[in-house]
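**Q** One structure coming up, written as structure tokens, with questions to follow.
The values are calculated or read from the model by the stated rules, or taken from the named source; none is laboratory data. Quantities reported herein were computed from a predicted structural model and do not represent experimental measurements. Virtual Cβ from ideal backbone geometry, glycine too; neighbours counted across all protein chains shown.
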Amino acid sequence: MTDFPTRRLRRLRGTPALRRLVAEHDLTPRRLVLPVFVKEGIATAQPIATMPGVSQHPLDGLAALVDEAVAAGIGGIMLFGVPEHRDAVGSGATDPAGILNRAITVAAAAARGRITVQADLCLDEFTDHGHCGVLADDGSIDNDATLEVYARMAVAQARAGADILGLSGMMDGQIAACRAALDADGRTDIVLLAYSAKYASAFYGPFRDAVESTLTGDRRTYQLDAANGREGVQEALADIDEGADIVMVKPAGTSLDVLARVSDLSAVPVWAYQVSGEYALIEHAAASGLIDRDRAIGESLIAIRRAGAEAILTYWAIEVAGWLRAGRDLT
Ligand code: PBG
């Protein structure tokens with residue numbers, strides 16, 4: 001017997017105790033952030049058909065949800081507003097009485113500093129055409145006119161009480177524009193989370209139901225082409241140059257390579273967003289008996305962590321935090 005393996009990599013996989021001991025990565029509740037949809041003009045939570053287990057929340061229900069998030073030990077909530085009225089320039093986004101700004105105030109009052117309150121900074125929920133920016137006369141997205149609106153939105157969200165602004169519109173220069181506006185308003189404390197490498201994706205489909213998106217067409221002139229990895233890295237580095245405090249990659253599951261590269265190069269924290277379609281795929285497949293739901297959730301999250309995400313936005317945040325508190329392993 002001379003040609004036996006001298007390297008036996010299976011040795012460390014031999015028992016559950018060994019596997020647990022040598023696992024390179026794990027998750028903790030503080031690394032999870034829950035996206036929350038707050039809808040104007042509803043009295044009770046409304047389930048989102050394409051996202052089993054996720055609802056649109058009334059403003060009134062938000063304080064209880066914040067308490068639940070605090071009890072779960074997660075790192076924060078990311079708020080999205082679903083307004084009753086939309087217009088060409090997304091006025092509801094900058095209006096202090098707009099649904100998202102009101103939700104921020106309610107959430108911040110309930111949180112009392114125990115958890116971070118984060119807000120989506122983008123126009124798509126507020127424009128009647130559904131684009132993330134304002135339109136020029138020829139129907140194209142006017143990047144620089146949009147920056148002015150984003151800057152006012154940033155100040156409105158800061159005044160409403162947000163801790164972290166999630167800039168998801170993919171306009172060039174949006175980080176610098178919002179940073180300058182906030183600093184001029186005396187808000188040097190507000191943290192900017194840049195959705196730096198945000199890919200145009202079919203996996204946002206259920207989200208568009210969740211926010212009742214009116215978009216016809218697509219976002220390919222501003223969101224990244226899934227064929228491009230290097231460009232995602234460049235977006236993250238540009239955002240860091242502009243002053244981003246945190247950079248993010250999304251969708252997480254289809255961008256693990258970009259996430260790993262950004263994580264290697266970034267001097268600021270790197271997060272990932274496990275988006276609505278990734279959530280829906282697993283929920284619907286599990287409901288059809290095709291996969292083991294909990295194992296698929298755990299595996300999807302640990303893979304995102306392994307690729308380098310320090311925090312993950314996921315619709316399973318509260319549930320998974322419960323598993324982790326109970327000492328359950330994700331794999
Ligand atoms: C834009 C925004 C989107 C998502 C987060 N912020 C939608 C889009 O770009 O079309 C998607 C999140 C998800 O799918 O869970 N405000």
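**Q** Which one of these does Val82 not meet: (1) closer than 24 Å to Gly113 by Cα; (2) in contact with a strand residue (DSSP E or B) (Cβ under 6 Å, 6 or more places away or on another chain)?
**A** (1)
**Q** Could I ask something else about it? Test each condition in (1) over 20 Å from the mean Cα position of the chain (by Cα); (2) assigned to a helix (DSSP H, G or I); (3) surrounded by fewer than 20 Cβ atoms within 10 Å (Cβ to Cβ) for Pro96 and report the one that comes out false.
**A** Only one criterion is unmet by Pro96, namely (2).
**Q** Restricting attention to helices (runs of 4 or more DSSP H) lying wholly within segment 119-215, give those where 3 or more residues are within 30 Å of Gln46 (Cα to Cα) and away from the ligand (no atom under 12 Å from the Cβ).
**A** Those helices (runs of 4 or more DSSP H) span 143-160.
**Q** Here's something else I'd like to know. Residue check: is Glu310 away from the ligand (no atom under 16 Å from the Cβ) and either touching a strand residue (DSSP E or B) at 6+ places or on another chain (Cβ under 8 Å) or β-branched (Val, Ile, Thr) (or both)?
**A** Answer is yes for this residue.
**Q** Show the residue pairs that are 6+ apart or on different chains and have beta-carbon atoms under 7 Å apart, the first residue being within segment 221-232 and under 20 Å from Cys132 (Cα atoms), the second being outside any helix (DSSP H, G or I) and more than 16 Å from the ligand (Cβ to nearest atom).
**A** none
**Q** Sticking with this structure for a sec: Regarding Gly217, is this residue small (Gly, Ala, Ser), closer than 28 Å to Gly133 by Cβ and loosely packed, with under 15 Cβ neighbours inside 10 Å?
**A** In short, yes.
**Q** Taking the conditions exactly as written (crowded, with 20+ Cβ neighbours inside 10 Å and of a type outside the set (Asp, Glu)), does Ala272 satisfy them or not?
**A** For Ala272, the condition - crowded, with 20+ Cβ neighbours inside 10 Å and of a type outside the set (Asp, Glu) - is met.
**Q** Would you point out which residue out of Glu125, Glu148 is among the charged types (D, E, K, R) and in contact with a Pro (Cβ under 7 Å, 6 or more places away or on another chain)?
**A** Result: Glu125 is the single residue among Glu125, Glu148 that is among the charged types (D, E, K, R) and in contact with a Pro (Cβ under 7 Å, 6 or more places away or on another chain).
**Q** Are there any pairs with C-beta distances below 8 angstrom linking a residue in segment 273-289 that is charged (D, E, K, R) to a residue that is more than 9 Å from the ligand (Cβ to nearest atom), with the two at least 6 apart or on different chains, and if so which?
**A** Matching pairs, first to second residue: Glu278/Ala252; Glu278/Gly253; Glu278/Ser300; Glu283/Pro52; Glu283/Gly53; Glu283/Arg293.
**Q** Would you mind finding the one in Ala181, Ala236, Ala197, Ala210 that is within 25 Å of Gly76 (Cα to Cα), at pLDDT 95 or above, in contact with a Phe, Trp or Tyr (Cβ under 7 Å, 6 or more places away or on another chain) and surrounded by 15 or more Cβ atoms within 10 Å (Cβ to Cβ)?
**A** The conditions single out Ala210.
**Q** Then there is this: Against the condition assigned to a strand (DSSP E or B), modelled with pLDDT of 95 or more and buried (at least 24 other Cβ atoms within 10 Å of the Cβ), how does Ile77 come out, does it pass?
**A** So Ile77 passes the test.
**Q** Could you tell me whether any residue of segment 283-302 is within 16 Å of the ligand (Cβ to nearest atom), under 20 Å from the mean Cα position of the chain (by Cα), under 25 Å from Leu165 (Cα atoms) and not in a helix (DSSP H, G or I)?
**A** The answer is no, given that none of the residues of segment 283-302 is within 16 Å of the ligand (Cβ to nearest atom), under 20 Å from the mean Cα position of the chain (by Cα), under 25 Å from Leu165 (Cα atoms) and not in a helix (DSSP H, G or I).
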